[in-house]
Structures are given as C-alpha cells and as structure tokens.
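The values are calculated or read from the model by the stated rules, or taken from the named source; none is laboratory data. The structure displayed is predicted, hence computed values, not measured ones. Virtual Cβ from ideal backbone geometry, glycine too; neighbours counted across all protein chains shown. In case anyone asks, the SASA skips ligands and DNA or RNA and just uses the protein heavy atoms, side chains included. Shrake-Rupley method; radii C 1.70, N 1.55, O 1.52, S 1.80 Å.
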Amino acid sequence: MAYLLGIIVVLILFSVLHFFTEISLKQKIITVVIFGLFIVGAYLYNQNTQNIRLHLESVLLEYTHGEKIVCDGVNVSKEEFSYSSGTQTFMGIKDTQMYGRLLSLDKCQ
C-alpha cells in the first residue's frame, strides 16, 4: 500500500514540476511547503517504525537469553511461554499455569 502511495506522490510531483514555471509564486510556495511536509512526515514515520522495531528486537533478545520480561503485568519466561514468530506473540506452554495465555510482543517492556 505504501508503494502505491509513493508512486501517486511521485506522479503528482512530476505533474506539478511540469507546470511549475506556469504557476504563480504563491502556488509555488504552497507546493514546496506541501511536499516538504510530506517528506518530514515520511521521515518521522520511518523513525517511529524503526524505534518500534528496535524495541521488539530488544524484548525478543532478552527472552531468547532467558531473562524474564513483563508483558501486560505478566512475567514471561522460557519456562512458561513459547514464542511464535509469525504472530509475534508469546503462548503459554501446555502443562503450566500460563497455558492458553497469549501475550503480544508489542505489549512487553
């Protein structure tokens, strides 16, 4: 979906640049400001996504090293939970008191 949005923005940019010499100064300033805001928004979105990814990696690293982590107020350890990489969740292991519990990786600290 993001690729389609990117392609649309690039097409709009090229069409605006094609007629850039024919538009007024006010329209040029508005165009530059809009595209500048789009670039800043894309940068901030990428930074936020990277921070979330790094947090999830650090939580998973702590889990794989056998450290206890806290997810939704529950202590998660390898003894009671297994990790599902497809859904990025911790699942309670059978024959433990946490059997049947599902905890999302993004709710861990």
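Could you give every pair whose Cβ atoms fall below 8 Å, whose first residue belongs to region 34-48 and is in a helix (DSSP H, G or I), and whose second residue is not polar (S, T, N, Q), counting only separations of at least 6 or pairs across chains?
The qualifying pairs are PHE35/LEU13; PHE38/VAL9.
In region 60-79, what residues are at pLDDT below 90, farther than 12 Å from LEU105 by Cβ and open to solvent by less than 50 Å² (accessible area, probe 1.4 Å)?
GLY66, SER77
Report, ordered by the first and then the second residue, all pairs with beta carbons closer than 9 Å, sequence separation of six or more or different chains, a first member in region 1-28 that is without any contact (Cβ under 8 Å) to a residue 24 or more places away in the chain, and a second member that is among the charged types (D, E, K, R) and open to solvent by less than 100 Å² (accessible area, probe 1.4 Å).
Once the first residue is without any contact (Cβ under 8 Å) to a residue 24 or more places away in the chain and sits in region 1-28, its partners that are among the charged types (D, E, K, R) and open to solvent by less than 100 Å² (accessible area, probe 1.4 Å) give PHE20/LYS28.
Can you work out which of the residues in region 91-109 that are under 12 Å from GLU79 (Cβ atoms) and surrounded by 14 or more Cβ atoms within 10 Å (Cβ to Cβ) is modelled with the lowest pLDDT?
So in region 91-109, the residues under 12 Å from GLU79 (Cβ atoms) come out as 92-93, 95-98.
Retained after the next criterion (residues that are surrounded by 14 or more Cβ atoms within 10 Å (Cβ to Cβ)): 92-93, 98.
Working: GLY92: 91, ILE93: 91, MET98: 87.
So, considering only residues that are under 12 Å from GLU79 (Cβ atoms) and surrounded by 14 or more Cβ atoms within 10 Å (Cβ to Cβ), the one modelled with the lowest pLDDT is MET98.
Being aliphatic (A, V, I, L, M) and in contact with an Asp or Glu (Cβ under 9 Å, 6 or more places away or on another chain) is the requirement here; does ILE30 meet it? Full working, then the answer.
Values: aliphatic (A, V, I, L, M): yes; in contact with an Asp or Glu (Cβ under 9 Å, 6 or more places away or on another chain): no.
Here the answer is no, as ILE30 does not meet what is asked.
What tally of residues in region 1-16 results from selecting those that are within 27 Å of ASP106 (Cβ to Cβ) and either in a helix (DSSP H, G or I) or of a type in the set (S, T, N, Q) (or both)?
So the first thing to find is which residues in region 1-16 are within 27 Å of ASP106 (Cβ to Cβ), and the list is 1-6.
Among the residues that remain, those that are also either in a helix (DSSP H, G or I) or of a type in the set (S, T, N, Q) (or both) are: 2-6.
Total satisfying the criteria: 5.
Of all residues in region 1-16 being more than 16 Å from THR31 (Cβ to Cβ) and of a type outside the set (A, V, I, L, M, F, W, C), which is most open to solvent (accessible area, probe 1.4 Å)? Give the derivation first.
The first filter runs over region 1-16 and keeps only residues more than 16 Å from THR31 (Cβ to Cβ), leaving 1-7.
Filter again for of a type outside the set (A, V, I, L, M, F, W, C), leaving 3, 6.
On the way: TYR3: 192, GLY6: 30 Å².
The extreme case among them is TYR3.
Considering only residues of region 17-52 that are of a type in the set (A, V, I, L, M) and within 30 Å of ASP106 (Cα to Cα), which is surrounded by the most Cβ atoms within 10 Å (Cβ to Cβ)? Break it down stepwise before answering.
Narrowing region 17-52 to residues of a type in the set (A, V, I, L, M): 17, 23, 25, 29-30, 32-34, 37, 39-40, 42, 44, 52.
Next, from what is left, pick out any that are within 30 Å of ASP106 (Cα to Cα): 37, 39-40, 42, 44, 52.
Values: LEU37: 10, ILE39: 11, VAL40: 10, ALA42: 14, LEU44: 10, ILE52: 11.
If we take residues in region 17-52 being of a type in the set (A, V, I, L, M) and within 30 Å of ASP106 (Cα to Cα), then ALA42 is surrounded by the most Cβ atoms within 10 Å (Cβ to Cβ).
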